[in-house]
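Here's the structure, in structure tokens; my notes come after.
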Amino acid sequence: MLDNQGQAATQTQLLAAVSAANTAAATSGWIDVRAYEGDLVFNVNTGIVTAGDIVWTIEDATNGSGAGAAGVTPNEGAFTTVTTANDPMSQKRTINAGAVRGWVRVVGTITTGPVLVAADLLAHPKYTT
């Protein structure tokens, strides 16, 4: 990694820290990532799982309304399911910016809530002259 990659990265809040009672509350909006290159870094933080579990996934789409939404497999494989037995847990997954169709979001599928959640995206803007 280059010495300045961390400094050059932009941070986008996908989900503000919240107690999510259901999947809708643990799903971010669509984020336009067409201006980025290299890896998109997704950091998800799961706090206390009251009951049940939460399964994180990443989706991409062809526009900001979620047209053609589909799951994307991170370079490191699927997120670990977070339960009452292994919470709290912070996880990082990456996807190459060129491998998505322009917009991304995270989805936290909650079987029983509430669950404390937060998520951020770190990405490197494309180099322009």
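Convert each backbone phi in the stretch 39-47 into a coupling constant with the Karplus relation 6.51 cos²θ - 1.76 cosθ + 1.60 (shift: θ = phi - 60°), then list the ³J(HN,Hα) values in order as whole Hz, x for Gly and Pro.
With the stated coefficients, the stretch 39-47 comes to 7, 8, 10, 9, 10, 10, 10, 10, x Hz.
Evaluate the relative contact order of the chain (contact order divided by residue number), counting alpha-carbon pairs under 8 angstrom at least 6 apart; express in whole percent.
The value is 47 percent.
Taking only protein heavy atoms and a 1.4 Å probe, what accessible area per residue, in Å², does the chain have with all protein chains in place? If you can, show how the numbers build up before the last one.
Details: 6550 Å² over 129 residues.
Value returned for the chain: 51 Å² of accessible area per residue.
Within the chain, what whole-number % of the accessible surface is contributed by carbon and sulfur, with the 1.4 Å probe and all protein chains included in the calculation? Display every interim value, and only then the final one.
Working: 3390 of 6550 Å².
Carbon-and-sulfur percentage of accessible area, whole number: 52.
Given (1) -0.47, -0.69, -0.75, -1.27; (2) -0.31, -0.53, -0.62, -1.71; (3) -0.31, -0.51, -0.59, -1.35, which label gives log10 I(q)/I(0) by the Debye sum over Cα atoms at q = 0.10, 0.13, 0.14, 0.23 Å⁻¹ as computed from the coordinates?
For log10 I(q)/I(0) by the Debye sum over Cα atoms at q = 0.10, 0.13, 0.14, 0.23 Å⁻¹, the calculated option is (3).
Calculated FRET efficiency, Asp32 and Thr81, Cβ-Cβ r, R0 25 Å, to nearest 0.05?
Working: r = 29 Å, r/R0 = 1.15.
With R0 = 25 Å, the Cβ-Cβ based efficiency is 0.30.
Taking θ = phi - 60°, what integer Hz values does the Karplus form 6.51 cos²θ - 1.76 cosθ + 1.60 yield along the stretch 98-115, in sequence order, with x for Gly and Pro?
x, 9, 10, 8, x, 10, 9, 7, 10, 10, x, 7, 9, 7, 8, x, x, 9
The values are calculated or read from the model by the stated rules, or taken from the named source; none is laboratory data. Nothing here was measured: the structure is a model prediction, and the numbers come from that model. Note that we place each Cβ from the backbone using ideal geometry, even for glycine, and neighbour counts take in every protein chain shown. Surface areas here come from the heavy atoms of the whole protein model, side chains and all, with no ligands, DNA or RNA. Shrake-Rupley method; radii C 1.70, N 1.55, O 1.52, S 1.80 Å.
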